Amino acid sequence: MGKKVIYFKNNRKEMIPLLPQQYSKVLEIGCGEGVFRQNLSQDSEFWGVEPDRASAKVAAKKIETVLIGTYEEMYNDIPNDYFDLVICNDVIEHLVDHDVFFQSIKKKLTKDGCLVASIPNVRYIKNLNELLVKKDWEYKSDGILDRTHLRFFTEKSLRRTIIDNGFVVDKFMGINPYKKKGFGVRRFLYNLAISLLGADLRYMQFGICIRISA
């Protein structure tokens, strides 16, 4: 329960570099208690969608419009061709059909609008350690193998998904890197894994800023 509360209160400062320079109407899907609002221009109009009723009530004190329910449930209450910025921090991996989401969100975005999102990296080195070394795939209460995650992405599969759904990438970056401390054999093996398997292993999540392709 404690980590759930932290999730709803997380300000996600690491997402700030992914935000566009200009925007005026913002939709955050999975807004929690509305804390991310403080990272954005206070002059912008802000809408939030949040299925957790208690968190939505807190968010309503900070956000102009809060819709209580899932994105799918609130879809018809969200205006079309209206938002020049949509935010999805750790939401897409929870969806039953992420392709349907990418297609449907286009209707809510303006022509030049962008979608900013964070998505877990299933190739994160701590997750690979569980799979390859411990030979396990155990669902947990949080993290990459959160038991509520329905979809899993690598950098390659995420880039393909973005392109296949008619978006182009403005920004794509690894966020929340694993910081290996100390020296010795473990440090050597960590560096060897990064060297052989790719730098993407460092990152727990990917952050993206994408736009509808012309």
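Residues in region 119-168 that are open to solvent by 30 Å² or more (accessible area, probe 1.4 Å) and not small (Gly, Ala, Ser): how many?
Final tally of qualifying residues: 28.
Does region 40-57 contain any residue that is crowded, with 16+ Cβ neighbours inside 10 Å, within 24 Å of Leu150 (Cα to Cα) and within 13 Å of the chain's Cα centre (by Cα)?
no
Read through the list (1) in a loop (DSSP other than H, G, I, E, B); (2) modelled with pLDDT of 95 or more, then give the number of the only condition that Lys181 fails.
Of the numbered conditions (1) in a loop (DSSP other than H, G, I, E, B); (2) modelled with pLDDT of 95 or more, the odd one out for Lys181 is (2).
So the check is Cβ under 7 Å with 6+ separation or different chains; which pairs have a first residue in region 190-202 that's more than 21 Å from Phe172 (Cα to Cα) and a second one that's basic (Lys, Arg) and open to solvent by less than 70 Å² (accessible area, probe 1.4 Å)?
Once the first residue is more than 21 Å from Phe172 (Cα to Cα) and sits in region 190-202, its partners that are basic (Lys, Arg) and open to solvent by less than 70 Å² (accessible area, probe 1.4 Å) give Tyr190/Lys180.
Does Lys171 satisfy the criteria of being in a helix (DSSP H, G or I), at pLDDT 95 or above and either surrounded by fewer than 16 Cβ atoms within 10 Å (Cβ to Cβ) or among the hydroxyl-bearing types (Ser, Thr, Tyr) (or both)?
So Lys171 does not fit the description; no.
Of (1) open to solvent by less than 20 Å² (accessible area, probe 1.4 Å); (2) over 23 Å from Gln21 (Cβ atoms); (3) at pLDDT 95 or above; (4) assigned to a helix (DSSP H, G or I), Tyr190 satisfies all except one. Which?
For Tyr190, the exception is condition (3).
Kindly evaluate Phe206 against the criterion of being assigned to a strand (DSSP E or B) and crowded, with 16+ Cβ neighbours inside 10 Å.
Against the criterion (assigned to a strand (DSSP E or B) and crowded, with 16+ Cβ neighbours inside 10 Å), Phe206 qualifies.
Looking at Ile68 and the list (1) touching a residue at least 40 places away in the same chain (Cβ under 8 Å); (2) open to solvent by 50 Å² or more (accessible area, probe 1.4 Å), which single condition is not satisfied?
Failing condition for Ile68: (1).
Between a residue in region 28-46 that is more than 15 Å from Ala60 (Cα to Cα) and any residue that is part of a helix (DSSP H, G or I), which pairs come within a Cβ distance under 6 Å, given they are 6 or more apart or on different chains?
Asn39/Ile16
The values are calculated or read from the model by the stated rules, or taken from the named source; none is laboratory data. This is a predicted model, so every value here is computed, not measured. Don't worry about glycine lacking a Cβ; one is built from the backbone with ideal geometry, like all the others, and counts go over all protein chains shown. The area values use the complete protein model at the heavy-atom level, side chains included, leaving out ligands, DNA and RNA. Shrake-Rupley method; radii C 1.70, N 1.55, O 1.52, S 1.80 Å.
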